[in-house]
Amino acid sequence: MSMNTSKQSPSPAAGVLTNTTCQTENRLSVFFSIVFMTVGILSNSLAIAILMKAYQRFRQKSKASFLLFASGLVITDLFGHLINGAIAVFVYASNKDWIRFDQSNVLCSIFGICMVFFGLCPLFLGSVMAVERCIGVTKPIFHSTKMTSKHVKMMLAGVCLFAIFIAVLPILGLRAYEIQASRTWCFYRTEHIQDWEDRFYILLFSFLGLLALGISFLCNAITGITLLRVKFKNQQHRQGRSHHFEMIIQLLAIMCVSCVCWSPFLVTMASTGINGGESLETCERVLFALRMATWNQILDPWVYILLRRAVLKNLYKVAQQCCGARAIISFHAWELSSIKNSLKVAAISESPSTEKTSSQPPTLMGQ
């Protein structure tokens, strides 16, 4: 059943857009919304269980702060699927008749706030995680003394509060969220932009999202270059850094997923804020970009599910069997030695009572 394309009388309370229409298959959209919401909830729940188990094992080590940030990211994605998905399914099930079930525009405002919050918060957390790892690699002493669990939780709360502030900013400015042309979701005013304030909210959202992606890219680049430089210098201290590689791989994967999924939507919103969007092509492009952005919350948890050391070790064994041991034996020898010594150095830096026993041989610990 296709979407109702007839023009309806505008309702200021509901914020219905009538001049532009987008075609959506209602029955197919309901099916995919339910499937995506279910897969997202299950994936994020599994990732939360994995991260919390890992946190119990590493809560006294430098990896604990990264695991706390990662858990916050996955929990945010979980609630994003749960809340936004439930509202979207309800809208489709009600045949997108906003005038009937949301005359006061309350549900649309809640939907718009959730769309902004659960869109920006994961991007902010991804950039904060990249900054945290950059500090952990370039300033390990400062990281071990200042980046405590208490500070990490305060930073998580600060990121969430800032994202909430951005989400409720239009309400504080007496600008209601509006139903978009596809009549399936609510966001800032993207059609019939009236003044600078309408453009400001769209451009602020796009700028903050792109800034978070840029910070993630810059910090991950600095971290990766630092690790590679230390590795090839043949210094004894280099072996204390290699335990960061697993987290860096996960961060790079998160950054790639976020860039691929969110860049089209952020760029489209920025273009809409600058040039305005009044055409059917703009509506369809925004809807496609939005669907790509929803994949970010589905793919994020699989980064932690698949890119764990145990899984990577099995993949390494498969690659060894396929490619032969001679091509990668030198890397394997360095990796094994690095893991041993990195755990020893991490334990020494975080436990003053073990400084006197630093001359003892390291032991290999699996994750």
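The values are calculated or read from the model by the stated rules, or taken from the named source; none is laboratory data. Everything quoted here is computed from the prediction, not taken from an experiment. Each accessible area value is taken on the protein alone, full model and side chains, heavy atoms only, with ligands, DNA and RNA left out. Shrake-Rupley method; radii C 1.70, N 1.55, O 1.52, S 1.80 Å.
Things worth noting here:
- Here the accessible area is traced with a 1.4 Å probe on the protein chains. For segment 150-227, carbon and sulfur cover 77 percent of it.
- Computed over protein heavy atoms with a 1.4 Å probe, the carbon and sulfur contribution to the accessible area of segment 79-124 reaches 70%.
- For segment 41-189, accessible area per residue (1.4 Å probe, heavy atoms of protein chains only), Å²: 40 Å²
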